[in-house]
Amino acid sequence: MVDLGYDISDFKSVDPVFGTIADFKELVKAVKNRGMKLIIDFVPNHTSDQSEWFKLSEQRTEPYTDFYIWRDGKKVNDTYTTYPNNWISIFGTSAWFWSKTRQQYYYHKCAPEQPDLNYRNPKVITEIESVLRFWLDLGVDGFRVDAVQILFEAAHGMDEPKSSDVNWIDGWIYTWEQPENIEMVKSWRALLDAYSKKDGQTRLLAVELYSTPTKLLEYTGNATNPGAHIPFYFNLIFADPEMHAFGVNTLIHQQTDIFPRSANNWVMDNHDNKRLRARLFDASVDSWNMLVLLLPGLASVYYGTEIGLDNLKLRSDQRKDRQNGGNGRIDLRDIYRGPMQWDDTDNAGFSTSDKTWLPVHPNYWRDNVKAQQQDPYSHLNIFKRLAALRKTPVIMHGDLKTYVPKTWVFMFTRSLGKSETIAVLMNVGSESEEICPKDAAEELPDEMFVHTCSGNSKIRVGEKVRISSSGGVKCFKMRPQSGLVLSTSSGALSTVSAIIILLAFCAKFLE
């Protein structure tokens, strides 16, 4: 737990903090019984220094002697040696650590307690493949593979070239994005596909790497030699109040212009970065969920985003994260990982224990699933309407066009022939904006129906709105950080409107 579980001592067991293998088997069964799939995190780059593999490697015990990357020190004089080279870890210090036991340095891209495995040793690859099979045999449906961009290092072990303007990624020329990483991912995909062929059920391979869409695409391979089914596109995670509509448009096209629709994978927040609500505003949650859920492709939604879960504020005695994520970060990843808020009971209904691993956010009495279920315009119910819309043909198969009608208003449309068009509008600014969507997208009709609106929108579901300024007629204003989903069809609104009316009636009745 030096890195909150990302330092693994035994790949085929469960940390007692979380339970037992028997508990895991029960989890698999419960998930499958509910018609869901179970994807688990896979951390193949390194182990804990408490791993038996590492302990045996330190002792030069076969077959583990070369399971890790060991080097003699660089000789300075007859009595003094220093690090083998100038490679640095993600924490900005040397990536080499001295083992008194073995009298050599070992390489660690992350913390010293996380020695890197030596993927140039075929025995390591074989052992890691056995780990994948172990969990597949237990019934998991795939893996989210951690930090694939650092699996391999340059074999020559030369010093990184010095530069006065090197940033933290560009400076990792020999320890970052080596071509062998992609081939390793393809090998793992082949292993998963062999399982899939047995029963016709896809085993998902998703890879985590913070990189450009061009590089992400390389990890997906091709039809004859496939790699990851999906990488995660993280650029939206860095959206902040400074980002205008042109910036949003650029981020979308960086991905959609080169990626096939099926491999687009949109991410707004995750366990390593600030939550959407904390990074922007509570009022922003609905409009950005509109973006992620209605763009073509997949939506990777971090738990709690559907209710607008906020970052925690922790005292020093409540912190668990010893690493802070590295790279000179001063924020604590703990604050993104608070308990889910189910209701207003003790611990927000998350746990029956006296105390949770991390404290529940103090706003749980108000911001929780149960409360939001009763509010027709809550984050949760807006999310549900968007999730339902995702299942319609126009979102599943429709074309995408994007527009920037104003500096702080982003718009995109999804259309499927002449059957239906959906227009999504986001005011990402801090002021109200008058907007006439048809002025930017001439193919739209003069009027459209509101399918879904953000909770802070003045315009409500079911309303017909004029979207053209022809004849000098004003259109409508959007409040700051609000969002709208418009439809050319009123038929799609009947069920949604009925649900809203029912929820509103129930909420009134419960008062």
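The values are calculated or read from the model by the stated rules, or taken from the named source; none is laboratory data. Note that this is a predicted model, so its numbers are computed, not measured. Cβ: placed from backbone, ideal geometry, glycine included. Neighbour counts: every protein chain shown. For accessibility, only protein heavy atoms count, side chains too; no ligands or nucleic acids. Shrake-Rupley method; radii C 1.70, N 1.55, O 1.52, S 1.80 Å.
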Looking at Val450, is it open to solvent by less than 10 Å² (accessible area, probe 1.4 Å) and under 26 Å from the mean Cα position of the chain (by Cα)? no
Can you tell which of Asp15, Asp7, Asp72, Asp3 is open to solvent by 40 Å² or more (accessible area, probe 1.4 Å) and under 20 Å from Glu153 (Cβ atoms)? Asp72
For segment 276-290, what are the residues that are over 14 Å from the mean Cα position of the chain (by Cα) and either surrounded by 23 or more Cβ atoms within 10 Å (Cβ to Cβ) or more than 26 Å from Ala263 (Cβ to Cβ) (or both)? Arg277, Ala278, Leu280, Phe281, Asp282, Ala283, Ser284, Val285, Asp286, Ser287, Trp288, Met290
Just checking, how many residues over segment 376-390 are part of a helix (DSSP H, G or I) and of a type in the set (S, T, N, Q)? 1
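Yes/no matrix, rows are residues, columns are (1) farther than 25 Å from Ser262 by Cβ; (2) basic (Lys, Arg); (3) free of Cβ contacts under 8 Å to residues at least 24 places away in the same chain:
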site	(1), (2), (3)
Ala155	yes, no, no
Met158	yes, no, no
Gly200	no, no, yes
Arg203	no, yes, no
Glu208	no, no, no
Thr224	no, no, yes
Check Pro296, Pro260, Pro226 and return the single one that is more than 25 Å from Gln481 (Cα to Cα) and modelled with pLDDT of 95 or more. Pro226
Quick one: which residue in Ser490, Ser415 is open to solvent by 20 Å² or more (accessible area, probe 1.4 Å) and at pLDDT below 95? Ser490
Would you check which residues across segment 300-324 are farther than 30 Å from Val2 by Cβ and open to solvent by less than 30 Å² (accessible area, probe 1.4 Å) and list them? Ile307, Gly308
Test of understanding: among Glu463, Glu433, which residue is at pLDDT 95 or above, farther than 27 Å from Met243 by Cα and open to solvent by 20 Å² or more (accessible area, probe 1.4 Å)? Glu463
Which of the residues spanning segment 43-65 are open to solvent by less than 80 Å² (accessible area, probe 1.4 Å), in contact (Cβ under 8 Å) with a residue 40 or more places away in the chain and assigned to a loop (DSSP other than H, G, I, E, B)? Val43, Pro44, Asn45, Thr47, Ser48, Asp49, Ser51, Pro63
Scanning segment 230-253 for residues that are among the polar types (S, T, N, Q) and crowded, with 16+ Cβ neighbours inside 10 Å gives Asn235, Asn249
When the residues of segment 328-373 are narrowed to those that are within 22 Å of the chain's Cα centre (by Cα) and part of a helix (DSSP H, G or I), which ends up farthest from Leu276 (Cα to Cα)? Val369
Checked segment 111-126 for anything without any contact (Cβ under 8 Å) to a residue 60 or more places away in the chain and surrounded by 14 or more Cβ atoms within 10 Å (Cβ to Cβ); matches are Asn118, Asn121, Val124
Which listed residue, of Val369, Val424, Val404, is farther than 21 Å from Ser300 by Cα, modelled with pLDDT of 95 or more and not basic (Lys, Arg): Val404
